[in-house]
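Please read the structure below before turning to the comments.
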Amino acid sequence: MFNNKTVLITGASRGIGKAIGLKLAAEGANIVIASKSVEENPKLGGTIFSAAAEMEAAGGKALAVQCDIRFEDQIQNVVEQAAEKFGGIDILINNASAINLTPTEQTEPKRFDLMYDINVRGTFMMSRACIPYLKKGTNAHILNLSPPINMDLKWFAHHLAYTISKYDMSMIALGLSAELKKYNIAANALWPRTTIATAAVQNLLGGDTLMNMSRTVDIIADAAYIILSKSSAACTGNTFIDEDVLASEGITDLSKYSVVPGANLYNDLFV
């Protein structure tokens, strides 16, 4: 299914992006790691090079390119390098995101700009740069790691800037699904039902307590695998929740994904 398919993943040096890459690399995919980390941050772990080595050990081929998606020249560079090395791009996963859960008065312009530059503009411009290659790809998919657009005001009340930036990522997926349907390029969004054990949860949200109430990154990787396996002509324009994707394949026992077996799980934002 994914043998020799080329998958470009933003923010793939760790966490969810890396987990999706490893899952697809194990099927023989070519993984393009478009991330900023070339030196390890002890708090976060992982670089584009360590991730690339893991992708190759898993059975795929890998290309590590330092890329800050706030800058068009870096986006263009990674896309061109991917096409040159692997002959094209079949799948784009917009995973890179900035998070800052502050109320409006505490959201400084630089924090707002960072979330908009990465989550919204970066996702849009990376999608734009990949479209010419996706048009020639096989069963081409765009997958944004962003939530269903839930207009319950509680999601706006405490962290307005972050919420609207993530909803914009989902609107980009929905908009592209309509715009690119005639080319059989799918565009969908995927979001977890529960918090996922990543560096962001550990460092920014809730430390060890929240990590122990979370699921592993594997649930997102498995859900992404199912979505990306589907026909791009038919499976497009959805904002998926990981549990629902697995349930659609008859997978309802999700206990293996819990960081702590049997723990009470903590619902993620927006669900």
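The values are calculated or read from the model by the stated rules, or taken from the named source; none is laboratory data. What you are looking at is a predicted structure, and each value in this text was computed from that prediction instead of being measured. Neighbour counts are summed over all protein chains in view; Cβ atoms, including those assigned to glycine, are modelled from backbone coordinates with ideal geometry.
If the condition is being part of a helix (DSSP H, G or I), crowded, with 19+ Cβ neighbours inside 10 Å and among the hydroxyl-bearing types (S, T, Y), then the stretch 215-258 contributes only Y257.
Restricted to the stretch 171-214, and to residues there that are hydroxyl-bearing (S, T, Y) and assigned to a loop (DSSP other than H, G, I, E, B), the residue that is nearest to the chain's Cα centre (by Cα) is T198. Quickly run through the stretch 12-30 and pick out the residues that are under 13 Å from A62 (Cα atoms), at pLDDT below 95 and of a type outside the set (S, T, N, Q). Residue satisfying the conditions is A12 alone. Only a single criterion out of (1) surrounded by fewer than 16 Cβ atoms within 10 Å (Cβ to Cβ); (2) polar (S, T, N, Q); (3) more than 25 Å from K230 (Cα to Cα) is not satisfied by T138, namely (3). The residue that is farthest from the chain's Cα centre (by Cα), among those in the stretch 259-270 that are surrounded by 12 or more Cβ atoms within 10 Å (Cβ to Cβ) and not small (G, A, S), is V260. Inside the stretch 6-46, residues that are farther than 16 Å from S97 by Cα and part of a loop (DSSP other than H, G, I, E, B) make up a count of 12.
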